[in-house]
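The structure appears below as structure tokens.
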Amino acid sequence: MNPQAVIDQSSAPGAEATEQPAALTFQPNVDIRDVGGEVSLIADIPGANAAGIEVTFEDGVLTMHATVPPREQPGRPIRQEYGIGNYRRSFRLGEGFDASQITADYARGVLTVRVPRLAAVRPRKVEVRAG
Amino acid sequence: MTTFRAGFALPLEELRDEFDRLWTSLTTAPPLHGWGVRPEGVFPAVNVRETADALTVEAELPGLEAADVEISVTGAELMLRGARPQVEPKPAGNGEPAAEQVVWHRRERGTGGFERRISLPVAVDPAGVEARLVDGVLSITCPKAAEAKPRRVEVRSA
């Protein structure tokens, strides 16, 4: 089994450079929480909606992509600290995950993806019996 | 001093290449006042726009509910205050060991309180300020104070 089982090793290969320049794509800020039995990826993607979010898991790489609908932009800008665009980010999770049990929830601009580990690879605590 | 390789047209071609390079670097660079300069530690980032009647302030506050944000307006200053909640998703599966260890492989989102004051270019009418928080995007519409609105002056004919 692949020893580099967990996440940190890679982030966002960003391979596809062929996006249209018109739609900007940003990398969302992400928290990754590991509780042994599952890994949760929590991403800030404000302004999206559930229908425009795509989560895929392929060859050990989890990719989240959100298409953000344009917002009303009245008048002229006088201060601009962030851009509005789509979001995309990938993480290599490695092996030992149960792809069929991945769930994704979107609420209040936050996407939470839960990726459970296969039962066989979950860390187990072995009780030591006193003889 | 540049050494020309051959012919008199080459310097012009080099000049053209130079312009091409310049053009490419300009058109692919981040916008001057844009997303490249989100200041570290300043939360939330805001975009402010102006129409004839109002100023609109938009801020990204993912994870927050309307009740988590306090907005106050005095004269030409807008203040946003609140706290980002600590997200602790519960394990979906049953039978997790109770004393399991939580490991954070990444923590980029940030938590905790924030307060930000934004200077507006003109005074606004505090009574008319409206705010909406949808999908983590806060939009605040601040109607300009009556004295700050553009006034059309009729020219009287003699």
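FYI, it's all coordinate maths here, none of it is from the lab. Just so we're clear, the structure is a prediction, and the values are computed from it rather than from any experiment. Ideal geometry is used to build each Cβ from the backbone, glycine not excepted, and the neighbour counts take in all protein chains shown.
With the Cα gyration tensor of region A:32-131 giving a ≥ b ≥ c as the square roots of its eigenvalues, does the rule (a/c under 1.5 for rounded; else a/b larger than b/c for prolate; else oblate) give rounded, prolate or oblate?
It comes out prolate by the Cα gyration axes.
Points 7 angstrom from Cα along the Cβ direction at A:Val61 and A:Leu118: gap in nanometres?
For the pair A:Val61/A:Leu118, the computed spacing is 2.1 nm.
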